[in-house]
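First comes the structure, then the notes that go with it.
The values are calculated or read from the model by the stated rules, or taken from the named source; none is laboratory data. Owing to the predicted nature of the structure, the values given are computational and were not obtained by experimental measurement. Using ideal geometry, Cβ is built from the backbone for each residue, glycine included, and neighbour counts are taken over all protein chains shown. Each accessible area value is taken on the protein alone, full model and side chains, heavy atoms only, with ligands, DNA and RNA left out. Shrake-Rupley method; radii C 1.70, N 1.55, O 1.52, S 1.80 Å.
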Amino acid sequence: MKTAKGTTRTAAGARGHAAAPRGAKPRGGRGEEVLSRLRERDDFVSGADMSRALGISRTAVWKHIVALREAGFVVEAIPSRGYRLRGSPDLLLPSELQRGLATGFVGRDIHHFDTLDSTNRVALALAEDGAAEGTVVVAEAQTAGRGRLGRTWYSPPRVNIYTSVILRPSLPMAQAAQVVLVGAVAAARAIASLYDGPPQTPPRIKWPNDILLGGRKISGTLVETASQGELVRHLVLGIGINVNLAEKDLPEDIRGIATSLAIACGHPVSRVELARRLYGEIEAVYLRFLQEGFKRLATEYAALSEMWGRPVRVTLTRGSVEGIAEGLEPDGALRLRLPSGNAERILAGDVQLLR
Ligand code: BTN
């Protein structure tokens with residue numbers, strides 16, 4: 001049986017982290033164990049019991065309680081009775097994410113950070129170091145979140161999801177782009193499962209990986225791949241989802257074209273619950289793709305996309321091209337029917353729906 005592992009730091013005892021830049025703090029250790037003990041009981045847990053069970057002093061237990069409070073947990077303390085957990089912040093801590101996580105391998109090992117430059121960068125470094133398939137990196141904020149086509153991904157603290165999953169499919173590099181679509185289907189399904197906004201604007205995929213709500217972008221995926229000869233050695237599926245970002249906090253350059261789940265639904269949404277669902281969907285969609293092939297994935301993708309048969313403009317590095325979005329090529333590329341009647345394969349570009 002696989003056991004869940006997490007690195008996080010809610011209290012004293014942070015572990016070092018090879019892939020993390022200076023200043024990034026992986027959370028972890030005994031603070032997480034103190035939290036688990038508090039969660040196990042809906043009642044007070046005595047400091048003495050906790051100190052015995054964890055093999056640490058009562059002063060150390062107290063220090064972890066203080067750190068948990070600093071992280072936003074509400075912990076009641078009564079000298080004669082001990083400690084009781086009264087409330088949790090919506091932080092993407094491994095212990096929170098792994099509670100009720102129904103996956104076999106995705107998210108069994110979670111590396112959580114307050115702030116990182118990019119979860120994709122750290123996940124790639126961990127993959128190089130041999131991290132297992134399904135290992136997750138998640139951060140509360142990113143300072144240099146990477147977007148497609150060399151852009152940056154707006155990543156303010158504690159409102160959204162920024163996460164990367166290491167995958168090791170046995171595939172030729174030529175098929176790596178197919179896995180890119182796994183991220184879009186998984187994100188769309190996870191978002192749809194918590195979406196209760198206007199029914200006429202459910203989450204929809206725009207090729208390759210944008211998820212739109214009412215025509216505005218809520219999520220993007222960036223896949224970065226390492227090869228070994230002709231084969232994929234590993235790849236990192238990085239997903240950003242705007243969850244509780246408020247309209248007023250959208251930077252000017254993306255106002256009007258970006259949105260969040262909270263804006264669309266009209267109320268805050270649990271990031272922990274959404275991230276759990278995302279990991280579940282990533283595993284399920286990925287396994288279906290590996291077992292049943294690209295055709296099945298393409299069918300799921302098509303059902304969640306509303307661009308087929310519509311006129312689009314695609315911005316490429318060499319200019320732009322207009323045509324009708326016809327469907328996916330077997331390698332995941334976009335097939336565009338040009339006004340001349342010829343078909344064009346688009347491997348990378350920005351798609352704008354014209355009607
Ligand atoms: C896009 O441009 O649409 C793709 C955005 C991908 C952003 C996510 S956030 C988590 C992961 N880490 C990164 O640096 N980028 C991806």
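Just a few scattered comments:
- A Förster radius of 22 Å, combined with the Cβ-Cβ distance separating E40 from E70, puts the computed FRET efficiency at roughly 0.50.
- Binned Cα-Cα distance frequencies in the stretch 136-251 - 10 Å width, integer %: 13, 42, 33, 10, 1
- DSSP-defined beta bridges in the chain - what % are antiparallel, rounded to 5: 80 percent
- Those aspartates and glutamates that a straight Cα-Cα span of less than 14 Å connects to K206, excepting residues fewer than 8 apart in one chain: E300, E306, E326, D350
- Of P251, P311, P89, the one that fluctuates the most in a GNM where the chain has Cα springs shorter than 10 Å: P251
- Ratio Rg/Rh [Cα only; Rh per Kirkwood] for the stretch 123-181: 1.01
- Taking amide H positions as modeled 1.01 Å from N, with prolines and chain starts lacking one, the residues under 5 Å from S305 and 5 or more places away or on another chain are I205.
- Within the stretch 192-269, the GluC sites (Glu not before Pro) that combine a DSSP coil assignment with at most 13 other C-beta atoms in a 10 angstrom radius are E230.
- V232 long-range amide H proximity, modeled H, under 5 Å: L171, M173
- Helix 176-194 and the longest principal axis of the C-alpha atoms of the chain enclose an angle of approximately 60°.
- Over all projection directions, the Cα-based convex hull of the stretch 16-170 averages an area of 10.8 nm².
- Within a Gaussian network of the chain (alpha carbon springs, distance under 10 Å), most fluctuating of V223, V314, V185: V314
- Cα gyration tensor shape of the stretch 233-355, rounded if a/c is under 1.5, else prolate or oblate by comparing a/b with b/c: oblate
- Where N is the number of residues in the stretch 86-195, Cα Rg divided by 2.2 N^0.38 Å: 1.11
- Rh by Kirkwood over Cα pairs, then Stokes-Einstein D for the chain at 0.890 mPa s and 25 °C, µm²/s: 114 µm²/s
- Rounded to the nearest whole angstrom, the semi-axes of the ellipsoid equivalent to the stretch 70-110, taken from the Cα gyration tensor as √(5λ), stand at 28, 11, 7, largest first.
- The mean accessible area for residues of the stretch 193-239, using a 1.4 Å probe and ignoring ligands and nucleic acids, is 39 Å² per residue.
- In degrees, nearest ten, helix 58-70 long axis to first principal axis of the chain (Cα): 40 degrees
- Computed from the Kirkwood radius of its Cα pairs, the Stokes-Einstein diffusion coefficient for the stretch 305-355 at 10 °C and 1.306 mPa s stands at 148 µm²/s.
- Within a Gaussian network of the chain (alpha carbon springs, distance under 10 Å), most fluctuating of P169, P203, P339: P339
- Contact order, relative form, for the stretch 43-112: 26 percent (alpha carbon pairs under 8 Å, 6 or more residues apart, mean separation divided by residue count).
- Sequentially through the stretch 147-159, phi angles give Karplus couplings (6.51, -1.76, 1.60; θ = phi - 60°) of x, 5, 6, x, 7, 9, 10, 4, 9, x, x, 6, 10 Hz, Gly and Pro residues having no value and appearing as x.
- Tail fraction, Cα-Cα pairs, the stretch 96-145, threshold 17 Å, whole percent: 37 percent
- Taking 7 Å steps out from each Cα toward its Cβ at C265 and R151 produces label points 2.4 nm apart.
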